[in-house]
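Peer 1: Next up is a structure, given as structure tokens.
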Amino acid sequence: MCGIVGFTGKQNAAPILLEGLKKLEYRGYDSAGIAVCKDGVISVSKVSGRIANLCEKTENGANMPGHSGIGHTRWATHGAPTDINAHPHMSCDGRFSIVHNGIIENYLELREELTAKGYAFRSQTDTEVIVHLLEMYYDGDLKSAVMKTTSRLEGSYAIGVLCADCPGTIMAVREASPLILGIGVGENFFASDVTALVAYTRNAIYLDDGEFAELTPERITVYDCTGTVIQKPVSRITWSVEAAEKGGYEHFMLKEIMEQPRAVKSALAPRIQNDQIQLDDFSFTKEDLRGIKKIVVTACGSAYYAGCAGKYAIEKLCHIPVDVQLASELRYGEPQIDSGTLLIVLSQSGETADTIAAMKECQSLGARVLAIVNVVGSTIAKLVDNTLYTWAGPEIAVATTKGYTTQLSVLYLFAVYAAHTMELLSQQEYLRLIRELQSIPQKIQQTLDMNITLPQLAKKYNTGHSMFYIGRNTDYAAALEGALKMKEISYIHAEAYAAGELKHGTIALIDEGQSVIALCCNRHIAEKTMNNIVEVKARGAQVLALAVKGDRAVLAQADDVIYIPGLDPLFQSVAEIIPLQLLAYYAAKENGCDIDKPKNLEKSVTVE
Ligand code: AGP
């Protein structure tokens with residue numbers, strides 16, 4: 001997720017663009033830049049690092065005169081956060097400059113086409129294909145060039161365009177990434193969200209997918225995807241800046257829970273093209289994969305639990321043993337690692353000290369490493385040869401949600417890709433699994449939509465005592481993460497137990513009124529866990545069960561049931577974690593906890 005802004009009016013654009021970018025810094029902050037147009041010449045200034053670096057370089061905009069311009073604050077997805085990769089990007093002829101929020105899924109083929117036609121690329125970004133397409137299609141008609149360019153793009157984009165031939169004009173284009181127009185007096189704006197507008201105007205036009213707009217100081221013209229002028233309603237922005245940063249949600253954590261369908265789609269869609277999985281940043285050949293004797297997954301916290309959930313898919317599909325180890329244990333153990341080991345490192349931040357140390361230990365023993373991280377250019381990403389980014393966008397809440405589900409989704413993708421590469425899947429099974437993967441974002445959305453009773457359930461099951469989370473196999477893996485969510489944001493003690501283990505001791509803890517969350521979503525073993533529901537209820541527990549929509553048997557056993565859409569059991573954890581995230585969120589809200597910044601916790605544990 002990045003932030004884009006645009007301005008055209010009688011004032012100097014640069015200071016206004018910089019102020020707007022400061023308000024969008026929560027959306028991405030690893031590099032930033034602005035472009036302004038004066039007397040038919042576009043000048044650009046861009047730097048890696050925070051907006052403050054850009055303010056310093058431009059003397060708060062004083063050394064960049066011009067009355068129209070665009071700006072960008074970046075959360076890197078393709079290409080490390082460097083000056084070159086920062087936006088805005090320029091066309092070869094210097095006539096165009098653009099900023100972009102989103103992911104161009106077909107950028108590789110466009111880059112090949114444009115390179116073959118002689119367009120010189122400077123950056124590693126997907127975005128740069130846009131500005132060269134504009135140059136290629138421009139014949140004096142800016143609107144036509146914009147339409148031809150966007151007709152070639154697949155993926156999500158909010159784009160700002162500056163053209164040296166059209167001083168005072170800025171273009172804004174929206175497809176699956178938010179873009180709002182601000183209406184001023186003798187000046188007009190665009191921005192990724194209203195936080196960058198409210199200092200100047202509260203009159204806004206919300207572009208919809210497929211629409212684009214031409215802004216001059218006097219006029220805003222909105223077009224539909226056919227280039228026909230359309231009338232759009234003017235909305236009044238009532239949000240405060242703080243509320244706007246959270247997208248209107250009370251906490252970043254709830255916003256990020258709700259963002260998961262889009263985040264998981266961002267992680268998966270660019271890697272599934274024409275019914276084929278393409279991992280362009282994973283170099284293992286069929287022989288490399290067949291040479292793997294063991295896979296070790298190492299991480300901390302929720303990332304470790306994502307590994308526990310992904311293990312089942314990798315073992316089942318790739319027929320390779322998977323050993324999931326806590327990084328803080330692995331680094332001090334006697335890891336049985338050699339050149340036949342593939343180490344998979346999971347980390348949202350890419351900066352977790354224990355994970356880095358464990359990774360280095362395994363690398364010294366000859367392991368080859370695949371890192372699955374969210375932050376482009378993070379320490380872990382820089383230390384390995386193969387990195388699959390999760391492209392979840394910045395995760396602000398300390399308690400991870402979209403970080404976990406995107407990590408897990410990429411593990412599933414890897415499992416299917418590796419199994420197919422090793423020729424372990426029939427073409428029919430490969431396609432079926434690809435369809436399952438492609439359905440995950442929608443299944444997560446359905447899960448969010450189906451479960452509106454979570455606040456009431458959280459009140460009922462949040463008794464203040466310790467909570468049991470029980471399940472088997474993939475259900476148990478989800479229970480591990482669900483229990484951690486409850487602990488770290490509501491401060492209620494919660495433990496996940498392999499359901500089959502209850503009779504080996506822990507059932508002694510079940511007393512009258514004990515809350516038990518029973519995960520019964522893996523259809524192969526749900527019946528076994530339902531037997532455990534009977535056992536704990538016989539001892540006075542109240543049971544909230546998670547089950548797949550249509551499973552009516554569980555209704556006879558549990559006090560309450562949360563239904564989720566069905567997925568292949570191998571992938572089920574990524575959906576069943578959603579209600580557990582919400583259960584923890586509403587319990588924490590009930591307890592009056594600081595949800596986005598839980599006590600004693602930090603977002604990235606960069607020390608041992
Ligand atoms: C998750 O909600 C916690 N904030 C924590 O367990 C986190 O998952 C762990 O510290 C690992 O962080 P990383 O993914 O950035 O490496």
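Peer 1: Here are some residues: 358, 397. Which one is closer than 30 Å to residue 596 by Cα and touching a Phe, Trp or Tyr at 6+ places or on another chain (Cβ under 7 Å)?
Peer 2: 397
Peer 1: To continue, here is another question. Taking the condition away from the ligand (no atom under 16 Å from the Cβ) and under 27 Å from residue 27 (Cβ atoms), does residue 456 pass?
Peer 2: no
Peer 1: What is the number of the single condition among (1) within 16 Å of the ligand (Cβ to nearest atom); (2) surrounded by 24 or more Cβ atoms within 10 Å (Cβ to Cβ); (3) not in a loop (DSSP other than H, G, I, E, B) that residue 414 does not meet?
Peer 2: (1)
Peer 1: While we're here: Hand me the list of strands (runs of 3 or more DSSP E) wholly inside the range 289-402 holding 3 or more residues that are out of contact with any Leu (no Cβ under 8 Å at 6 or more places or on another chain) and away from the ligand (no atom under 13 Å from the Cβ).
Peer 2: 322-326
Peer 1: Output the residues belonging to the range 453-470 that are out of contact with any helix residue (DSSP H, G or I) (no Cβ under 9 Å at 6 or more places or on another chain) and of a type in the set (Lys, Arg).
Peer 2: Passing the criteria: only 460.
Peer 1: Then there is this: Restrict the check to the range 101-117 and report whether at least one residue is crowded, with 24+ Cβ neighbours inside 10 Å, under 23 Å from residue 23 (Cα atoms) and at pLDDT 95 or above.
Peer 2: no
Peer 1: Next question. Name every residue in the range 484-499 that is surrounded by fewer than 24 Cβ atoms within 10 Å (Cβ to Cβ) and assigned to a helix (DSSP H, G or I), in order of residue number.
Peer 2: Correct list: 484, 487, 488.
Peer 1: Oh, and also: When the residues of the range 555-605 are narrowed to those that are more than 21 Å from the chain's Cα centre (by Cα) and polar (S, T, N, Q), which ends up surrounded by the most Cβ atoms within 10 Å (Cβ to Cβ)?
Peer 2: Looking at residues that are more than 21 Å from the chain's Cα centre (by Cα) and polar (S, T, N, Q), I get 557.
Peer 1: In the range 559-588, how many residues are in a strand (DSSP E or B) and hydroxyl-bearing (Ser, Thr, Tyr)?
Peer 2: Going through the range 559-588 one residue at a time, the tally reaches 1.
Peer 1: Follow-up. Among the residues of the range 472-499 satisfying the criterion of being within 16 Å of the ligand (Cβ to nearest atom) and acidic (Asp, Glu), which is farthest from the chain's Cα centre (by Cα)?
Peer 2: 495
Peer 1: If you don't mind, there's one more thing I want to ask. Which residue, of 593, 520, is within 16 Å of the ligand (Cβ to nearest atom) and more than 30 Å from residue 331 (Cβ to Cβ)?
Peer 2: Every option except 593 fails the conditions.
Matching residues to (1) crowded, with 17+ Cβ neighbours inside 10 Å; (2) hydrophobic (A, V, I, L, M, F, W, C); (3) under 28 Å from residue 519 (Cβ atoms); (4) touching a residue at least 60 places away in the same chain (Cβ under 8 Å):
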residue: 281; (1), (2), (3), (4): no, no, no, yes
residue: 287; (1), (2), (3), (4): no, no, no, no
residue: 300; (1), (2), (3), (4): yes, yes, yes, yes
residue: 336; (1), (2), (3), (4): no, no, no, no
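Peer 1: In the range 23-46, which residues are within 23 Å of residue 125 (Cα to Cα), surrounded by fewer than 24 Cβ atoms within 10 Å (Cβ to Cβ) and at pLDDT 95 or above?
Peer 2: Those that are within 23 Å of residue 125 (Cα to Cα), surrounded by fewer than 24 Cβ atoms within 10 Å (Cβ to Cβ) and at pLDDT 95 or above: 42, 43, 44, 45.
Peer 1: For the range 503-524, name all the residues that are among the aliphatic types (A, V, I, L, M), under 24 Å from residue 457 (Cα atoms) and surrounded by fewer than 24 Cβ atoms within 10 Å (Cβ to Cβ).
Peer 2: 507, 509, 510, listed by residue number.
Peer 1: Taking residue 469 and the conditions (1) over 19 Å from the mean Cα position of the chain (by Cα); (2) more than 22 Å from residue 317 (Cα to Cα); (3) away from the ligand (no atom under 16 Å from the Cβ), which numbered condition does it fall short on, given that it satisfies the others?
Peer 2: Failed condition: (3).
Peer 1: Right, next: Can residue 276 be described as surrounded by fewer than 24 Cβ atoms within 10 Å (Cβ to Cβ), more than 25 Å from residue 573 (Cα to Cα), at pLDDT 95 or above and among the polar types (S, T, N, Q)?
Peer 2: No, not satisfied.
The values are calculated or read from the model by the stated rules, or taken from the named source; none is laboratory data. Bear in mind the structure is a predicted one, so any value in this text is a computation, not a measurement. Here the Cβ is made from the backbone with ideal geometry for all residues, glycine too, and neighbour counts use every protein chain on show.
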